[in-house]
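**Student:** Handing you a structure now.
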């Protein structure tokens, strides 16, 4: 299933952190959602992805853009548990909501990560105000490029979003990557 320009699958979350109530994509309609998939032990996530997500959270109006961290663990399951994630969030002063991607019983790839066909971490997904996936990107993306994409989506008249999504969406897939390096941690 190709997700660009299609309705974003709902997040499959076991626990929410930094949020008083669980979030849903349906309830966030009308906002651009920046979904940042990460792992605590991913160098690219810690060095680039999470600081970038934090900057988006701080710089964009919360009435227009909602940043959500998605902790998608596909390796080192025993050490990347909820208690460790809570300590990590406190240590790195992450202020935006963080969802723990629900584990599948016999599959090392968590459920939301699988439904979005994410290649690894860090991954960035942008969902427009209508709830359609506009971008999926694995690995690092420049701050300027990502900010430009978010800004263009915010600026689109809401009645033209679906047409604009078809005309301008791009599927960004990351560059070649070993299992884990400074760029990220790849699943496949």
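**Student:** Determine which single condition residue 15 fails, assuming it passes every other condition in (1) without any contact (Cβ under 8 Å) to a residue 40 or more places away in the chain; (2) assigned to a strand (DSSP E or B).
**Tutor:** So the condition that residue 15 fails would be (1).
**Student:** Restricting attention to the range 38-94, report how many residues are assigned to a loop (DSSP other than H, G, I, E, B) and either touching a helix residue (DSSP H, G or I) at 6+ places or on another chain (Cβ under 6 Å) or closer than 15 Å to residue 124 by Cβ (or both).
**Tutor:** 6
**Student:** Residue 138: out of contact with any strand residue (DSSP E or B) (no Cβ under 6 Å at 6 or more places or on another chain) and either over 18 Å from residue 6 (Cα atoms) or at pLDDT 95 or above (or both), yes or no?
**Tutor:** In short, no.
**Student:** Now for a separate question. Output the number of the condition that residue 3 fails; it satisfies all remaining conditions of (1) surrounded by 13 or more Cβ atoms within 10 Å (Cβ to Cβ); (2) modelled with pLDDT under 95; (3) more than 20 Å from residue 126 (Cα to Cα); (4) out of contact with any helix residue (DSSP H, G or I) (no Cβ under 6 Å at 6 or more places or on another chain).
**Tutor:** Here residue 3 clears every test but (3).
**Student:** Oh, and also: What number of residues within the range 150-161 satisfy the criterion of being in contact with a helix residue (DSSP H, G or I) (Cβ under 9 Å, 6 or more places away or on another chain), surrounded by 14 or more Cβ atoms within 10 Å (Cβ to Cβ) and at pLDDT 95 or above?
**Tutor:** Qualifying residue count, the range 150-161: 2.
**Student:** Additional query: Return the total of residues in the range 18-36 being assigned to a strand (DSSP E or B) and either in contact with a helix residue (DSSP H, G or I) (Cβ under 6 Å, 6 or more places away or on another chain) or farther than 24 Å from residue 130 by Cβ (or both).
**Tutor:** The qualifying residues number 3.
The values are calculated or read from the model by the stated rules, or taken from the named source; none is laboratory data. Fair warning: this is a prediction, and the values are worked out from it, not measured in the lab. Neighbour counts run over all protein chains shown; Cβ positions are idealised from the backbone, glycine included.
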